[in-house]
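Working notes, beginning with the structure itself.
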Amino acid sequence: MERLGLGIIIGVGLASLTRITRPTVKRAMRLGFVAFEAVKGALGEGRERLADLVAEVKDEMARQQQSADAGVRVEMEPPAR
């Protein structure tokens, strides 16, 4: 959200400093919004993948602990390629 506000401030500042026409400023702002949404979507997807990875590791650790408590040795799976 901070970047969005910064984009708006920059857009307004550019318009007043360089006398850019209104349609040009609107086009630049529109591109900024589109870019912001794309970045937000990519970050959300990355966060989801990280959460899945954390859940997998916790599950493996819990299974390993249960096996250790039962006196059985469990080998970790090799990383997928």
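The values are calculated or read from the model by the stated rules, or taken from the named source; none is laboratory data. Everything quoted here is computed from the prediction, not taken from an experiment. Methodologically, a virtual Cβ is constructed for each residue, glycine included, from the backbone with ideal geometry; neighbour enumeration extends over all protein chains shown. For the accessible areas, the whole protein counts, side chains as well, though only heavy atoms, and no ligand, DNA or RNA atoms are used. Shrake-Rupley method; radii C 1.70, N 1.55, O 1.52, S 1.80 Å.
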Test: residue in the range 45-63 that is under 30 Å from residue 9 (Cβ atoms) and open to solvent by 100 Å² or more (accessible area, probe 1.4 Å): yes
Qualifying residue in the range 12-29 (condition: surrounded by 11 or more Cβ atoms within 10 Å (Cβ to Cβ) and at pLDDT 90 or above): no
